[in-house]
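Enquirer: Below is one structure. I have some questions about it.
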Amino acid sequence: MRIALRTVALGYLAALLVVPVGYIVFKTFEPGVGEVYDSVTTPAAISAFWLTIQVAVIAVVLNVVLGVATALLLVRGRLKPAVRVVLDAVIDLPFAISPVVVGLSLVLLYGRDGWLADLPFQVLFSFPGIVLATTFVCLPFVVREVVPVLREVGDEQEQAAATLGATRWQTLWRITLPSIRWGVAYGVVLSTARAIGEFGAVSVVSGHISGETETLTLLVEKRFQNFDLAGAYAASALLAVIAVATLLVMTLLGNRRDRA
């Protein structure tokens, strides 16, 4: 029985993860390393890579600040029970709805006839729109990692600091943030992985302008649609390398958090 369960579990993982990713790696390097290097060093690929990194960094920073603030409001805030339930549910909205719907909602909001159409800078089909869409889909990760940590550590130390005369800002920097650092770090890794791999919402709001608003995932889709399979495989492999590196960091952080 135990062998059968292990076989089913390993076969499941192999069929869904190992074989598809392994096949992409095989097809990537089938033409040779030189072809791969040429595919990932084209101006379009370099631009897509740096745009992806820039968007991920800004989205993660925004999610850390807003996510920690939201988690503190949920756990430490004096909210009415109904308000707390609604806020708790709204945080998970990006998990429940399709990223394409998120992109369409941003188009309606910031489009020609939208409520925020008259902003002094362009949002849709430009860098701000991509950052906004990516930040939205990554919103729950930091909050969901920090909330249980805040509940676990309690507020006794914060109350003791307040009794000794510490201001709220001093308590936040010296007591609260150090106690939730592993939850924040885990949320950062998860947000980074989600931001780098985001496609649906970014595809709707980016405009697919090569060299300007084309991220790595959009570049993969464009090359695949244009039958540039070698180029699509190479860009996919680059995304896979970033994802594996992110998973390794997440595993290391998980081990350190368990020992902390």
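Enquirer: Quick check, is L124 surrounded by 13 or more Cβ atoms within 10 Å (Cβ to Cβ) and closer than 21 Å to E145 by Cα? I'd like the intermediate steps shown before the answer.
Expert: Working: surrounded by 13 or more Cβ atoms within 10 Å (Cβ to Cβ): yes; closer than 21 Å to E145 by Cα: no.
When the stated conditions are applied, L124 does not pass them.
Enquirer: Under 8 Å between Cβ atoms, at least 6 apart or on separate chains: pull out the pairs that start in segment 33-49 with a residue that is touching a residue at least 60 places away in the same chain (Cβ under 8 Å) and open to solvent by 50 Å² or more (accessible area, probe 1.4 Å) and end on any residue that is part of a helix (DSSP H, G or I) and not small (G, A, S).
Expert: F49/V40; F49/L216; F49/L238
Enquirer: A69: open to solvent by less than 50 Å² (accessible area, probe 1.4 Å) and assigned to a helix (DSSP H, G or I), yes or no? Break it down stepwise before answering.
Expert: Details: open to solvent by less than 50 Å² (accessible area, probe 1.4 Å): no; assigned to a helix (DSSP H, G or I): yes.
It is false that A69 is open to solvent by less than 50 Å² (accessible area, probe 1.4 Å) and assigned to a helix (DSSP H, G or I).
Enquirer: Go through (1) of a type in the set (V, I, T); (2) touching a residue at least 12 places away in the same chain (Cβ under 8 Å); (3) surrounded by fewer than 16 Cβ atoms within 10 Å (Cβ to Cβ) for V75 and report which single condition fails.
Expert: It fails just one condition, (3).
Enquirer: Going by the structure shown, is V131 closer than 25 Å to R84 by Cα and not in a loop (DSSP other than H, G, I, E, B)? Reasoning before the result, please.
Expert: Working: closer than 25 Å to R84 by Cα: no; not in a loop (DSSP other than H, G, I, E, B): yes.
So V131 does not fit the description; no.
Enquirer: Among the residues of segment 92-109, are any assigned to a helix (DSSP H, G or I), open to solvent by 40 Å² or more (accessible area, probe 1.4 Å), charged (D, E, K, R) and at pLDDT 85 or above? Step through it out loud before you land on a result.
Expert: The initial filter retains those residues of segment 92-109 that are assigned to a helix (DSSP H, G or I), namely 93-96, 99-109.
Still in the running and open to solvent by 40 Å² or more (accessible area, probe 1.4 Å): 93, 95-96, 100-101, 104-105, 107-109.
Checking which are charged (D, E, K, R) leaves us with none.
No, because not a single residue in segment 92-109 is assigned to a helix (DSSP H, G or I), open to solvent by 40 Å² or more (accessible area, probe 1.4 Å), charged (D, E, K, R) and at pLDDT 85 or above.
Enquirer: Just to be sure before I move on: is A193 within 18 Å of Q54 (Cα to Cα) and free of Cβ contacts under 8 Å to residues at least 60 places away in the same chain in the structure I sent?
Expert: yes
Enquirer: A further question follows. Being under 24 Å from the mean Cα position of the chain (by Cα) and either β-branched (V, I, T) or more than 30 Å from A185 (Cα to Cα) (or both): is that true of V100 here? Walk me through it before giving the result.
Expert: Values: under 24 Å from the mean Cα position of the chain (by Cα): yes; either β-branched (V, I, T) or more than 30 Å from A185 (Cα to Cα) (or both): yes.
Answer is yes for this residue.
Enquirer: Hey, does segment 147-156 have a residue that's open to solvent by less than 50 Å² (accessible area, probe 1.4 Å) and among the acidic types (D, E)? Break it down into steps so the answer makes sense when it comes.
Expert: So in segment 147-156, the residues open to solvent by less than 50 Å² (accessible area, probe 1.4 Å) come out as 147, 149-150, 154.
Those left that are additionally among the acidic types (D, E): none.
Scanning segment 147-156, I find no residue that is open to solvent by less than 50 Å² (accessible area, probe 1.4 Å) and among the acidic types (D, E), so the answer is no.
Enquirer: Would you point out the residue of segment 167-185, among those that are of a type in the set (G, A, S) and either open to solvent by less than 30 Å² (accessible area, probe 1.4 Å) or in a loop (DSSP other than H, G, I, E, B) (or both), that is nearest to T215 (Cα to Cα)? Can you show your working first?
Expert: Filtering segment 167-185 for residues of a type in the set (G, A, S) gives 179, 183, 185.
Now restrict to residues that are either open to solvent by less than 30 Å² (accessible area, probe 1.4 Å) or in a loop (DSSP other than H, G, I, E, B) (or both): 183, 185.
Values: G183: 28, A185: 25 Å.
Among residues in segment 167-185 that are of a type in the set (G, A, S) and either open to solvent by less than 30 Å² (accessible area, probe 1.4 Å) or in a loop (DSSP other than H, G, I, E, B) (or both), the one nearest to T215 (Cα to Cα) is A185.
Enquirer: Something else now. Among residues belonging to segment 186-238 that are touching a Lys or Arg at 6+ places or on another chain (Cβ under 9 Å) and part of a loop (DSSP other than H, G, I, E, B), point out the one that is farthest from A133 (Cα to Cα).
Expert: Checking each candidate, the answer is D228.
Enquirer: Cβ-Cβ under 7 Å, sequence separation 6+ or interchain: first residue in segment 214-233 and over 13 Å from S203 (Cβ atoms), partner not in a helix (DSSP H, G or I). Which pairs?
Expert: Every condition considered, the pairs that remain are A230/P31.
Enquirer: Sort out which residues of segment 202-256 are of a type in the set (V, I, T), surrounded by 17 or more Cβ atoms within 10 Å (Cβ to Cβ), out of contact with any Ser or Thr (no Cβ under 7 Å at 6 or more places or on another chain) and under 18 Å from V25 (Cβ atoms), and write them in order of number.
Expert: Quick first cut of segment 202-256, residues of a type in the set (V, I, T) only: 202, 204-205, 209, 213, 215, 217, 220, 241-242, 244, 246, 249, 251.
From the residues that got through so far, the ones that are surrounded by 17 or more Cβ atoms within 10 Å (Cβ to Cβ) too are 202, 204-205, 213, 215, 217, 220, 242, 246.
If we keep only those that are out of contact with any Ser or Thr (no Cβ under 7 Å at 6 or more places or on another chain) too, we end up with 204-205, 217, 242.
Passing the criteria: T217, I242.
Enquirer: If a residue has to be assigned to a loop (DSSP other than H, G, I, E, B) and within 11 Å of S179 (Cα to Cα) to count, how many in segment 150-166 make the cut? Lay out the reasoning, then the answer.
Expert: Initial filter on segment 150-166 (assigned to a loop (DSSP other than H, G, I, E, B)): 154-155, 164-166.
Now narrow it down to the ones that are within 11 Å of S179 (Cα to Cα): 154-155.
Residues in segment 150-166 being assigned to a loop (DSSP other than H, G, I, E, B) and within 11 Å of S179 (Cα to Cα): 2 in total.
Enquirer: I'd like to know if segment 15-27 contains one or more residues that are at pLDDT below 85, assigned to a helix (DSSP H, G or I) and hydroxyl-bearing (S, T, Y).
Expert: Looking for residues that are at pLDDT below 85, assigned to a helix (DSSP H, G or I) and hydroxyl-bearing (S, T, Y), one finds at least one in segment 15-27, hence yes.
The values are calculated or read from the model by the stated rules, or taken from the named source; none is laboratory data. What you see is a predicted model, and the numbers here were worked out from it, not measured in a lab. We place every Cβ from the backbone using ideal geometry, glycine too, and count neighbours over all the protein chains shown. Side chains are part of the model used for accessible areas, which takes the heavy atoms of the whole protein and leaves out ligands, DNA and RNA. Shrake-Rupley method; radii C 1.70, N 1.55, O 1.52, S 1.80 Å.
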